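Read-outs throughout are calculated quantities, based only on the coordinates presented, and are distinct from any laboratory measurement. These numbers come from a predicted model, not from an experiment. Because the Cβ atoms are built from the backbone with ideal geometry, glycine has one as well, and the counts that use them run over all protein chains shown.
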Amino acid sequence: MKLMPQTANATSFLTEDDQIHWLALRMAPGLGTRKAAQLIGMFRTPQTVFRASRSELEAAGLAPAVAQSIASGCAFEEAVTQREKLVETGAELIPMTDPRYPPRLKEIFDPPPLLYALGRVELLASLMLGVVGTRRPTPYGTAAATRLSQDLALAGLTIVSGMARGIDTAAHRAALDVQGGTVAVFGCGVDELYPAENRKLAKEIAEKGLIISEFPMGTPPYPQNFPVRNRIVSGMSVGVMVVEGGEYSGSAITAKLAAEHNREIFAVPGNITSKMSWGPNLLIKQGAKLVHEWNDVVQELSAEDRRRLSSRFRKQLNLNEIEDAVTSGAVHSSHSSEPNRTATKAILALLTPDVPVSLDYLVDHLGETTPGCSPSEIIAVLFDLEMAGLIRQLPGKNFLKIWAG
């Protein structure tokens, strides 16, 4: 079942000649992922690869039959057909030489030389977290995946999953519901759809998020493709979070790949009597980070990645302007017509780095002194400021100011 074509065609980043040569390299009979990447490393461009003689290609490590198929140019007819489908769908090619190619994905053992992309390609430059789990979750698993994915998306992480039934679907939907970034990695062509009931979700991801695949246009969702695509979920991400799954499930395979890729492994604990808790509970026993709130993930990120998230939130909330207003004492609601801006200024004016301030005090004080500061508004702003790295919550719902460096 195919996705509806997009109205915008984004294939112009590469020239038509570039696109056809990259596609021909992808379609060359017998040429695997690693060998294709090695050829690009040696010859720099697919055009140079196809200009090489058979002997040069054999000297580069190709079997005689594969070298002959490349030298003969037999893949170009299919490449032209592939490009027509690409243009029809509005998808884009992201070769591994493209600066937009996910930098972390290049680090793995067998990165795909070419990605097909449909949607917001700029998400490939964001900090991504893989969220995976069973296709048959319990209500607890669905609720946990939803809550954590929403909170992590609000914190600035892009949620990556495979758009399968169950946990994958919950994670993508949760990110979209809070206007966060999400990337679906397909085990088929980006113009195909699997499972069929996710048609509406796939359309929304193509419009507001990103769909990617290493498989050519029109590739059906063969079962063997899904374990292969899992390495992309892991490879692009800073870590992988497992929410329910059996000991030998697809999510366990993705977690194993994450370990091989030197990525952080996170697991949501579950009921010890549930079969669906076996996978994540075992991962925790083996050293995975136990997750019960979004900050358990963010704390494990590198200092550089945490600064990126903090910078994103400062920009999103215009916090630099707010901090200047606080420093100068100009904390007046007239600076903004938005209620959350007023509450943000007022909260930052009350908090200090030394003395914790309770939530009850903030609600009572701001309710009396700052028009429009309802308890729900105050709680929402505290949540945003904590994610931005500007405040810290202590036990008992007490808060301190932190000036992020």
Revision key, fill the gap. Taking only C-alpha positions in the chain, Rg and Dmax in angstrom work out to 24.1, 82
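At 1.567 mPa s and 4 °C, plugging the Kirkwood radius over alpha-carbon pairs of segment 74-159 into Stokes-Einstein gives what diffusion coefficient in µm²/s?
It diffuses with D of about 82 µm²/s by this estimate.
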**Study point:** Given the chain, longest segment not containing exposed loop chymotrypsin sites (Phe, Trp or Tyr not before Pro) (DSSP; at most 16 other Cβ within 10 Å)
**Key:** 249-402
Study note, to complete from the structure: Expressed as a percent, the portion of alpha-carbon pairs in segment 121-301 spaced more than 20 Å apart is 45
Check your understanding: In percent, what relative contact order does the chain have, based on Cα pairs under 8 Å that are 6 or more apart in sequence?
Key -> 12
Practice item. May I ask you to compute the full-extension gain from Gln38 to Glu197, defined as 0.36 nm times their residue separation minus their alpha-carbon distance, rounded to one decimal in nm? Key: 53.4 nm
Check your understanding: Counting DSSP beta bridges in the chain, what percent are antiparallel, to the nearest 5?
Key -> 45
Check your understanding: Assigning unit charges at the beta carbon (Lys, Arg +1; Asp, Glu -1) and nothing else, what dipole magnitude in debye, to the nearest 20, does segment 121-301 show about its Cα centre?
Key -> 400
Point to revise | Cα→Cβ-extended label distance, 7 Å offset, between Glu84 and Glu293, nm | key: 5.7
Practice item. For segment 163-243, count the residues as N, evaluate 2.2 N^0.38 Å, and divide the Cα radius of gyration by that value, please. Key: 1.02
**Study point:** Positive-end residue, the chain charge dipole about Cα centroid, Cβ charges, pick of Val381, Gln38, Met163
**Key:** Gln38
Exercise for review: Enter the Cα centre distance for the pair segment 219-282 and segment 127-186, rounded to the nearest angstrom.
Suggested key: 13
**Study point:** Two-site label geometry, Ala380 and Thr273: point separation in nm, points 7 Å out along Cα→Cβ
**Key:** 4.0
Exercise for review: Report the FRET efficiency, 1/(1 + (r/R0)^6), for Ala303 and Asn340, where r is their Cβ-Cβ distance and R0 is 22 Å, rounded to 0.05.
Suggested key: 0.20
Practice item. Please give the direction-averaged projected area of the C-alpha convex hull for segment 15-112, in square nanometres with one decimal. Key: 6.2
Check your understanding: For segment 121-301, what relative contact order do you get, as a whole percent, if you take Cα pairs closer than 8 Å and at least 6 residues apart?
Key -> 21
**Study point:** In sequence order, calculated HN-Hα J values of segment 192-198 (Karplus, 6.51, -1.76, 1.60; Hz; x Gly/Pro)
**Key:** 9, 9, 7, x, 4, 6, 9
Review point. Along the charge dipole of the chain, which of Phe399, Cys74, Ser234 sits closest to the positive end, that is, farthest toward it, with unit charges on the beta carbon of Lys, Arg, Asp and Glu (+1, +1, -1, -1)?
Key: Cys74
Check your understanding: Gain in length, Glu368 to Arg165, computed as 0.36 nm per residue apart minus the alpha-carbon separation, to one decimal in nm?
Key -> 68.3 nm
